[in-house]
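Reviewing the structure listed below.
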Protein chains: 2
Amino acid sequence: MTTAVVLLSGGMDSATAAAWAKAAGFRAVALSVDYGQRHRVELDAARAVADQLGIADHRVVTVDLRAIGGSALTAEIAVPKDRGGSASDIPVTYVPARNTVMLALLTGLAEVTGARDLVIGANVQDYSGYPDCRPEFLRAFAEVARLGTRVGAGGAHFAVHAPLLQLSKAGIVRLGAALGVDFSLTLSCYDPPAPFVHCGRCDACRLRRAGFVEAGVPDPTTYAV
Amino acid sequence: MTTAVVLLSGGMDSATAAAWAKAAGFRAVALSVDYGQRHRVELDAARAVADQLGIADHRVVTVDLRAIGGSALTAEIAVPKDRGGSASDIPVTYVPARNTVMLALLTGLAEVTGARDLVIGANVQDYSGYPDCRPEFLRAFAEVARLGTRVGAGGAHFAVHAPLLQLSKAGIVRLGAALGVDFSLTLSCYDPPAPFVHCGRCDACRLRRAGFVEAGVPDPTTYAV
């Protein structure tokens, strides 16, 4: 069985990406990154998702990005609420170089577990403002993984899989439901008022709710408003 | 004044690279990474080096790589001693994807500080066995930094400077001495028996000692043997 390493944040996208990896026949090893985010309860969600998907090897790496700062998710900048429409600007919730850092950690785990397949739930629609979700970024990173690792030096290539990259949020809901994801275990909210309660007002909550509505899939989420 | 972000480990290479950045006219912002290494005293060395070089902004990011493991520097694998000659194999002190992780963190710091110049003391001779010190890796990483960042999305390019890349250890000693590095503040040893005492037997100590001898520069290091 071929091993894939999967970034598992605890959100609905990464849960669906992990279910995709399992369905595609990979032995999945999950990596969650505790990066000093405000919404650390998402790590509990990641653990619950890993359990539900039967992923026995789930590792949590701690990296404290607060020394770098620059994001509403790690610094004392307010998470925006009730914004009209989708923003085309890069949102303040962007964490500097976050996916680069996370894929770097995932590459280390790939080396140690013998995986050549990296799976990330990046999505261009959800993260239209995040440069590190673009396909060309993911391709360039695969090259870095090849050139920067012991196995790559030995001739191995890496694939960065982003199976949700071009899907709408509704498409992700549909795919996840088809693959048996229990979305009640996932957490999207950037600023949850209580564990596993979604604020209903931040960008992530708005996208999540609209996705279920558009997909016509029952939404198991508890929203505060 | 243009800002450069510099990886500062506390070793002689990164100290020389930081001195190079200052001499080249950059305002240097230093980043040290506490990655659960055995030789954490090197963080004290990094602080001392930053002070000596007049680098006022020195940040320490903590990332616990022990959840990934796979290296003598972070896991319970013995650091090799008294090996004959230089190894052509990748040494057990290789940390999976270390430079990828560190450059990713440095990219985040570059975004926040407005730097477009990343400086790393990578060296092909010292690290002959480390794939993530190769020039092609560093070039590929610069492309990842461009594609994966907010400023890169806006058209900015990044440069990854590795001013020691092709130097011998003696060449690094000579350059560092010429640039005013106080090598007594630096620490190379992978397994120091006491703070700022070098074991004298690990690969890093052997290379360090031989470098001073070959350069004809007085060696201020305290070696246990």
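Annotations for the structure displayed:
- Residue within the range B:148-171 that is outside any loop (DSSP other than H, G, I, E, B), crowded, with 19+ Cβ neighbours inside 10 Å, in contact with a Ser or Thr (Cβ under 8 Å, 6 or more places away or on another chain) and modelled with pLDDT of 90 or more present: no
- Qualifying residue in the range A:201-213 (condition: more than 16 Å from A:A15 (Cα to Cα), buried (at least 17 other Cβ atoms within 10 Å of the Cβ), in contact (Cβ under 8 Å) with a residue 24 or more places away in the chain and in contact with a Phe, Trp or Tyr (Cβ under 8 Å, 6 or more places away or on another chain)): yes
- Residue within the range B:113-127 that is away from every other protein chain (no Cβ under 11 Å) and at pLDDT below 65 present: yes
- Taken over the range A:186-225, the criterion of being aliphatic (A, V, I, L, M) and either in contact with a strand residue (DSSP E or B) (Cβ under 6 Å, 6 or more places away or on another chain) or under 21 Å from A:L7 (Cβ atoms) (or both) is satisfied by A:L187, A:A204, A:L207, A:A224.
- Taken over the range A:11-48, residues that are buried (at least 20 other Cβ atoms within 10 Å of the Cβ) and either in a helix (DSSP H, G or I) or among the basic types (K, R) (or both) amount to 13.
- When A:D191 is tested against (1) closer than 21 Å to A:V29 by Cα; (2) touching a residue at least 60 places away in the same chain (Cβ under 8 Å); (3) more than 14 Å from chain B (Cβ to nearest Cβ), only condition (1) is not met.
- All conditions in (1) away from every other protein chain (no Cβ under 12 Å); (2) surrounded by 20 or more Cβ atoms within 10 Å (Cβ to Cβ); (3) at pLDDT 65 or above hold for B:K81, with the sole exception of (2).
- Tally of residues being at the interface with another protein chain (Cβ under 9 Å from one of its Cβ atoms) and either in contact with a strand residue (DSSP E or B) (Cβ under 6 Å, 6 or more places away or on another chain) or basic (K, R) (or both) across the range B:142-167: 2
- The range B:50-65 residues that are in contact (Cβ under 8 Å) with a residue 60 or more places away in the chain, paired with ones that are surrounded by 15 or more Cβ atoms within 10 Å (Cβ to Cβ) (beta carbon under 7 Å, 6 or more apart): B:Q52/B:D182; B:Q52/B:L185; B:L53/B:A18; B:L53/B:A19; B:L53/B:K22
The values are calculated or read from the model by the stated rules, or taken from the named source; none is laboratory data. Keep in mind the model is a prediction, meaning the values are calculated, not measured. Glycine also receives a Cβ, built like all others from the backbone with ideal geometry; neighbour counts cover every protein chain displayed.
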